[in-house]
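To start, the structure under review is shown below, and the notes come after it.
None of the figures in this text is laboratory data; all of them are computed from the coordinates on show. From a predicted model like this one, the values you see are computed outputs, not experimental measurements. Cβ placement follows ideal geometry from the backbone for every residue including glycine, while neighbour counts extend to all protein chains displayed.
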Amino acid sequence: MSTLPEGLHQAFIVAVGELGMACAASLFVESVAQEDGTDGVAALRDALGRSFPVLDAVAEQWLAGARALRTDPTAILAACEGASELVVVGLEAFFLDALMARLPPRTRCALLCHSPFDVDWERVLSNYSGRISPVNLESFQSWAGPRSVLLTFAYGVGGSSTHVLPAWVRATGEDVRMQFRSLLAWNVLQAPMFVYPRWLVEVDAASFTHVFQA
């Protein structure tokens with residue numbers, strides 16, 4: 001039987017602040033799997049899955065054979081073609097890294113610095129060497145325009161709905177929707193969540209211009 005280290009709950013919260021929920025979950029699952037294999041991943045899911053539904057889903061995907069997050073940004077880049085500004089709502093570091101590595105330099109990029117977790121935004125943004133600018137809920141609309149794109153990370157699509165961070169709902173009133181060329185969701189999970197989506201809110205998938213699957 002696998003024995004997990006103490007303090008795992010708090011360690012995961014810290015990792016989420018650095019990486020995002022799905023990326024932190026993937027890192028924890030892979031690390032536990034290297035030490036304890038399937039039993040360890042199952043134990044991790046039992047220990048943290050009810051508190052962190054994204055980790056629960058990532059662990060379930062791993063146990064079902066999906067051993068890595070799909071971070072290919074090709075579809076997102078195609079949707080952003082011709083955009084002059086891109087504003088990202090939410091943090092998923094592996095996905096953002098992949099996107100920024102291929103995003104044309106002419107496209108200005110901003111990250112909405114708002115999260116239910118404790119995030120050192122200056123530290124996060126320092127990883128992108130000035131390529132991404134910080135914005136908040138009061139200032140991000142200055143990036144809007146006919147060639148601007150608003151992008152968020154989504155967590156599982158089930159039926160006609162998906163789940164996103166609360167910041168997305170706060171940022172996207174009817175007035176905002178009309179100011180951006182397109183509103184995109186990048187689904188970072190390969191299957192819907194199995195437990196109550198704590199930390200997230202449900203939205204109609206049809207409210208996005210397009211939902212891209214991981």
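Per-structure values
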read-out	value
Shape category assigned to the range 8-63 from the gyration tensor of Cα positions, a/c cut at 1.5	prolate
The chain: calculated mean residue ellipticity at 222 nm from DSSP helix runs of at least 4, using -39500 (n - 2.57)	-11500 deg cm²/dmol
Fluctuation leader among LEU112, LEU137, LEU150 - the chain, Gaussian network, Cα springs under 10 angstrom	LEU137
Approximate spin-label separation GLU35-ARG123, in nm, with each point projected 7 Å along Cα-to-Cβ	2.0 nm
Kyte-Doolittle at least -0.5, axis length at least 18 Å by Cα - qualifying DSSP helices, the chain	21-48
Within the chain: Cβ-based charge dipole about Cα centre, in debye rounded to nearest 20 (Lys, Arg +1; Asp, Glu -1)	720 debye
Relative contact order (%) - the chain, alpha-carbon pairs under 8 angstrom, separation at least six	22 percent
Estimated FRET transfer efficiency (ASP175, GLU6; beta-carbon r; R0 45 Å; 0.05)	0.40
For the range 152-169 versus the range 1-25, the gap between their alpha-carbon centres in whole angstrom	22 Å
Sequence of THR38, THR162 once ranked by neighbouring C-beta atoms within 10 Å, starting from the fewest	THR38, THR162
Cα-based shape type of the range 74-212, given that a ≥ b ≥ c are square roots of the gyration tensor eigenvalues and the cut on a/c is 1.5	rounded
Choice from SER31, SER115, SER160 showing the highest fluctuation, given a GNM over the chain with Cα pairs closer than 10 Å	SER160
Choice from ALA144, ALA11, ALA57 with maximal GNM fluctuation in the chain (Cα, 10 Å cutoff)	ALA11
Highest to lowest packing among 86-96, 100-110, scored as the average C-beta count within 10 Å	86-96, 100-110
Potential extension, TYR196-ALA75 segment - 0.36 nm per residue separation minus Cα distance	40.7 nm
Gained length - SER161 relative to SER139, 0.36 nm times residue gap less alpha-carbon distance	5.1 nm
